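S.K.: I am attaching a structure below and will ask some questions about it afterwards.
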Amino acid sequence: MKITSTVLVVLAASLTACNSNLPESANAGSRAQSTLLASVVKLSAADYQSAVQELYIAYYGRPADPAGLAYWAGVLLSAGAPTDLQMLNASYASNPSVKTVVDSFANSAESAALYGSGTASAFVAAIYQNVLNRLPDTAGQAYWADNISNRVQTQGQTALAIVASASAQAHTSTDEQVVNNRLITATEFTAQVIGQNAASGYSGSASNKVASALLAAVSATTDTTAYKTTVAASVATMAPTSLFTEIPAPPATGFTDKTVFVASDELNVLTLAQEKLIGTAPLPDVHQSYLKMVDGSNRFWVQGGGGSTLFTTTDFTAFSTPLLNGVVQPVFGPSVKLSTQFDADYAGASSVFPATNMHDLLMLYHAENHYGQPYGATGVTAFYASVGIATSSDAGQTWGGRTQILTGREPITNAAAGTAIGAGNPTAIVTGGYIYVFFGDFVSKNGAFKGQNALCLARSPVASNGAAGTWMKYYNGAFNQPGIGGLCSSPVPAPTVKSGISFQSDADISYNSALHAYLLIFRSDDGFFYSTSQDMVTWAKPKLMMATVPQIAALSTPGAEYYYYATLVSPDTLSDQTTSATGYLYYAKGVQNSALGQNTHSWYRRSVTIQ
């Protein structure tokens, strides 16, 4: 105990009295005591957690993440390092493993970003501010800066020594109280990250800044017990909202050749009358999206009426949503009507999935600009479609950050009255390191592509969270065209249809566990077809899964049934991006009115089995 007392006194004095480095006798004593402790007490990685937290605070200005805490505690345990911070500092010069650990923190990019590359004096001032929440006294700043300038200590060792010196002071010391309160808070933060399963969310600069700000607000007088509520609330903003995670790429040889059967048990999930009553008709109007949330709820984002509505369900048959004065309150809709915004006049949620931090949600949506004209006015039915992305931080109840990410082969300037062109109706799957999106590319009859619409594919690295400029379209065998304005071609073979008029539209993509393959569903003239793939670019010849009346003829036949927007959902999975041997095919079905308008559809469902 006398050795420890000596070390504490020497370190404490260095904050203001400009003492020199610890004498060799103190270092030797530290090593001797460490060896003695190791021989008497069976240490574990948990014994090093406080020291690791102090390293994170000193060098990163934030609490440790769970993986980092476990890793570095294990490294210190393997090195036989002291568990006490002052002794750890004293062993920097004598224990190569300790030096390696400290230098790893000090020389990291994160530490460099925090402290910059200024003068030794500026570095010391930054350490004091970060660790002690104050500016250094003149003598203390000069002492530590001289040590660095004269190469008595490295910057890395200096940061550790300052923290150790402060923590060695009497409990009545303001510096000691700041260090102790921040250690308590950092420990609580990491525990909350583990308890709230928020490790994936506590990753990256954004969440690091949140954690740093939380820690910086802790002072000598902070009530750390009361502050736990603030810590828990902060971590909650990083906790995952959905149980869905990225889908591993399937094995190249794992495909199981089975057939997709659609039953005849058609159920009208929401009738047209019901939809009109609550203000969602016609619904659905694009691909539907499903996610199972951490709280156990099953959420559907479905476009209809004036915007996209968030529905919940327990049995995948009855759906509910809050009403205000008997009318739904859409969670997403057009930006600024009749403006020049790409999503000014229509914005329909099509695919919703977690961002890389697992807390925020990303939405891909079908966007339209109606050229400043009210859609449906006499002779005005033109629009330019594109695909946008938006972000939600409250489990999909509100959305922001709208950005256009995909446009069609034809630019918006090529649109003619009465013509709908562009890119739209997206469906996404997160797999193999990419966000893949199938979308329809619509072209004008008299333009360069002579009315040859296409079902196209694009992808963006998962790490980018689908940001604009990261998307590449598939074209003639490779992802080699930009998302904005690039060419595209369909990787899916054309289906065989009775009329000979084959088209592909309104896709739905998932990974199917019964087939051990990606499963693509789309609409063509004879009904809904499906195709399978192991790599997202090589697809099997499509097969008919649900026959309908010819859809091309229906466009010009009053009273004919029309079908759109098939979405396969398996209740035993976590998202519409993963399906299994059973599920439901949700889709839109309506009847052409006398004006050949397609605004009478409502939400239907049929059972699906794969065997």
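The values are calculated or read from the model by the stated rules, or taken from the named source; none is laboratory data. Predicted model only: the values in this text are computed from it and were never measured. A quick note on method: Cβ atoms are made from the backbone with ideal geometry, for glycine too, and the neighbour counts reach across all protein chains shown.
S.K.: So which residues in segment 228-287 are closer than 21 Å to Ile610 by Cα, small (Gly, Ala, Ser) and touching a Lys or Arg at 6+ places or on another chain (Cβ under 9 Å)?
M.R.: Ala263, Ser264, listed by residue number.
S.K.: Which condition does Val437 not pass, out of (1) touching a residue at least 40 places away in the same chain (Cβ under 8 Å); (2) under 20 Å from Asp360 (Cβ atoms); (3) surrounded by fewer than 19 Cβ atoms within 10 Å (Cβ to Cβ), if it passes all the others?
M.R.: It is condition (3) that Val437 fails.
S.K.: Of all residues in segment 356-379 being at pLDDT 95 or above and surrounded by fewer than 24 Cβ atoms within 10 Å (Cβ to Cβ), which is farthest from the chain's Cα centre (by Cα)?
M.R.: Out of the qualifying residues, it is Glu368.
S.K.: From Tyr564, Tyr584, Tyr604, which residue is closer than 14 Å to Phe261 by Cβ and either within 29 Å of the chain's Cα centre (by Cα) or in contact (Cβ under 8 Å) with a residue 24 or more places away in the chain (or both)?
M.R.: Tyr584
S.K.: Tell me the residue from Ser205, Ser200, Ser219 that is surrounded by 17 or more Cβ atoms within 10 Å (Cβ to Cβ) and either more than 30 Å from Lys543 (Cβ to Cβ) or touching a Cys at 6+ places or on another chain (Cβ under 7 Å) (or both), please.
M.R.: Ser200
This table checks each residue for (1) assigned by TED's automatic domain parsing to the domain that holds His359; (2) over 28 Å from Ala347 (Cα atoms).
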{"position": "Ser200", "(1), (2)": "no, yes"}
{"position": "Ala206", "(1), (2)": "no, no"}
{"position": "Ala211", "(1), (2)": "no, yes"}
{"position": "Pro251", "(1), (2)": "no, yes"}
{"position": "Asn268", "(1), (2)": "yes, no"}
{"position": "Ile278", "(1), (2)": "yes, no"}
{"position": "Pro282", "(1), (2)": "yes, no"}
{"position": "Gln288", "(1), (2)": "yes, no"}
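S.K.: I'm trying to understand the selection: among the residues of segment 333-368, which are farther than 30 Å from Val193 by Cβ, touching a Gly at 6+ places or on another chain (Cβ under 6 Å) and of a type outside the set (A, V, I, L, M)?
M.R.: Gly333, Asp343, Tyr365, His366
S.K.: Continuing with this model, one more query. Have a look at Met363, Met358 and point out the one that is among the aliphatic types (A, V, I, L, M) and in a loop (DSSP other than H, G, I, E, B).
M.R.: Testing whether each residue is among the aliphatic types (A, V, I, L, M) and in a loop (DSSP other than H, G, I, E, B) leaves just Met358.
S.K.: Turning to a different aspect of this structure: So which helices (runs of 4 or more DSSP H) stay within segment 76-166 end to end and still have 2 or more residues that are surrounded by fewer than 17 Cβ atoms within 10 Å (Cβ to Cβ) and at pLDDT below 90?
M.R.: none
S.K.: Another one. Residues to consider are Ala70, Ala90, Ala58, Ala79; find the one that is touching a Phe, Trp or Tyr at 6+ places or on another chain (Cβ under 9 Å) and assigned by TED's automatic domain parsing to the domain that holds Asp47. Write out each step before concluding.
M.R.: Details: Ala70 fails: touching a Phe, Trp or Tyr at 6+ places or on another chain (Cβ under 9 Å); Ala90 fails: touching a Phe, Trp or Tyr at 6+ places or on another chain (Cβ under 9 Å); Ala79 fails: touching a Phe, Trp or Tyr at 6+ places or on another chain (Cβ under 9 Å).
Of the residues listed, the single one that is touching a Phe, Trp or Tyr at 6+ places or on another chain (Cβ under 9 Å) and assigned by TED's automatic domain parsing to the domain that holds Asp47 is Ala58.
S.K.: Which numbered condition trips up Gly422, out of (1) in contact (Cβ under 8 Å) with a residue 24 or more places away in the chain; (2) surrounded by fewer than 23 Cβ atoms within 10 Å (Cβ to Cβ); (3) part of a strand (DSSP E or B); (4) on the phi > 0 side of the Ramachandran plot?
M.R.: (2)
Conditions tested, residue by residue: (1) in a helix (DSSP H, G or I); (2) buried (at least 19 other Cβ atoms within 10 Å of the Cβ); (3) free of Cβ contacts under 8 Å to residues at least 40 places away in the same chain.
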position	(1), (2), (3)
His287	no, yes, no
Thr309	no, yes, yes
Phe316	no, no, no
Thr340	no, no, yes
Ala344	no, yes, yes
Ser350	no, yes, no
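S.K.: Now, a different point. Could you check segment 301-334 and list, in sequence order, the residues that are among the hydroxyl-bearing types (Ser, Thr, Tyr) and within 23 Å of the chain's Cα centre (by Cα)? Can you show your working first?
M.R.: First, the residues of segment 301-334 that are among the hydroxyl-bearing types (Ser, Thr, Tyr): 308-309, 312-314, 317, 320-321.
Of everything in segment 301-334, those that are among the hydroxyl-bearing types (Ser, Thr, Tyr) and within 23 Å of the chain's Cα centre (by Cα) turn out to be Ser308, Thr309, Thr312.
S.K.: Check Ala382, Ala349 and return the single one that is in contact with a Ser or Thr (Cβ under 9 Å, 6 or more places away or on another chain), among the small types (Gly, Ala, Ser), modelled with pLDDT of 95 or more and closer than 27 Å to Val437 by Cα.
M.R.: It is Ala349.
S.K.: Please verify whether Pro491 is modelled with pLDDT under 95 and either surrounded by fewer than 24 Cβ atoms within 10 Å (Cβ to Cβ) or farther than 30 Å from Ala252 by Cβ (or both), treating the condition exactly as stated. Can you show your working first?
M.R.: Numbers: modelled with pLDDT under 95: no; either surrounded by fewer than 24 Cβ atoms within 10 Å (Cβ to Cβ) or farther than 30 Å from Ala252 by Cβ (or both): yes.
The answer is no for Pro491.
S.K.: Which is on the phi < 0 side of the Ramachandran plot and touching a strand residue (DSSP E or B) at 6+ places or on another chain (Cβ under 8 Å), of Val231, Val163, Val260, Val218?
M.R.: Val260
S.K.: Could you please let me know if Thr245 is surrounded by fewer than 20 Cβ atoms within 10 Å (Cβ to Cβ) and of a type outside the set (Lys, Arg)?
M.R.: So Thr245 fits the description; yes.
S.K.: Something else: Failed condition for Asp506, given (1) at negative phi; (2) surrounded by 24 or more Cβ atoms within 10 Å (Cβ to Cβ), with all others met?
M.R.: (1)
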